[in-house]
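The values are calculated or read from the model by the stated rules, or taken from the named source; none is laboratory data. On a predicted model such as this, the values are computed, not experimentally measured, just so you know. Cβ placement follows ideal geometry from the backbone for every residue including glycine, while neighbour counts extend to all protein chains displayed.
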Amino acid sequence: MSAGSDWVEGYVRAWETNDPDDIAAIFTDDAVYEFSPDDPDALRGREAIIAGWLDSKDEPDDWEFDWEVLTETDDLVIVQGRTDYPDSKLYDNLWVIRLAPDGRATRFTEWYMERDR
């Protein structure tokens, strides 16, 4: 398994559990979480990321997520995914993840586009 796949699996675990320790485990202390490129409302710092995550958390049974790593280097992972909220919306996702040497994210930027069902 690659560092990128490990990171995404950690993200999915945190998404399923909404456990602050699971969220904290995948981000560095000074990480930035952007909901779009150059997001003025980006979450800055691990504590802000945890708080923001929990403020807008999804329940584990409300979504399904399929993904694949498109490319990966030592410090960059690009992931293509699809998030399905069966009772509401369907999204295509593109994630750009910058990794620290220990495999935690220093920066996470997501793009998401709603799809027709």
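List of remarks:
- Hey, Gly52 assigned to a loop (DSSP other than H, G, I, E, B), over 12 Å from the mean Cα position of the chain (by Cα) and at pLDDT 95 or above or not: no
- Asp21 vs. criteria closer than 17 Å to Ala105 by Cβ, surrounded by fewer than 17 Cβ atoms within 10 Å (Cβ to Cβ) and among the acidic types (Asp, Glu): yes
- Scanning the range 15-33 for residues being of a type outside the set (D, E, K, R), over 13 Å from the mean Cα position of the chain (by Cα) and not in a helix (DSSP H, G or I) gives a total of 1.
- Residue within the range 12-35 that is touching a Phe, Trp or Tyr at 6+ places or on another chain (Cβ under 8 Å) and free of Cβ contacts under 8 Å to residues at least 24 places away in the same chain present: no
- Taking the conditions (1) within 20 Å of Ala31 (Cβ to Cβ); (2) exposed (fewer than 12 other Cβ atoms within 10 Å of the Cβ); (3) not aromatic (Phe, Trp, Tyr) in turn, Glu64 satisfies each one other than (1).
- Filtered residue count, the range 98-116, keeping only those that are under 15 Å from Arg46 (Cα atoms), in a strand (DSSP E or B) and not polar (S, T, N, Q): 5
- Of the listed requirements (1) within 14 Å of the chain's Cα centre (by Cα); (2) loosely packed, with under 12 Cβ neighbours inside 10 Å; (3) not in a strand (DSSP E or B), Ser36 misses just one: (2).
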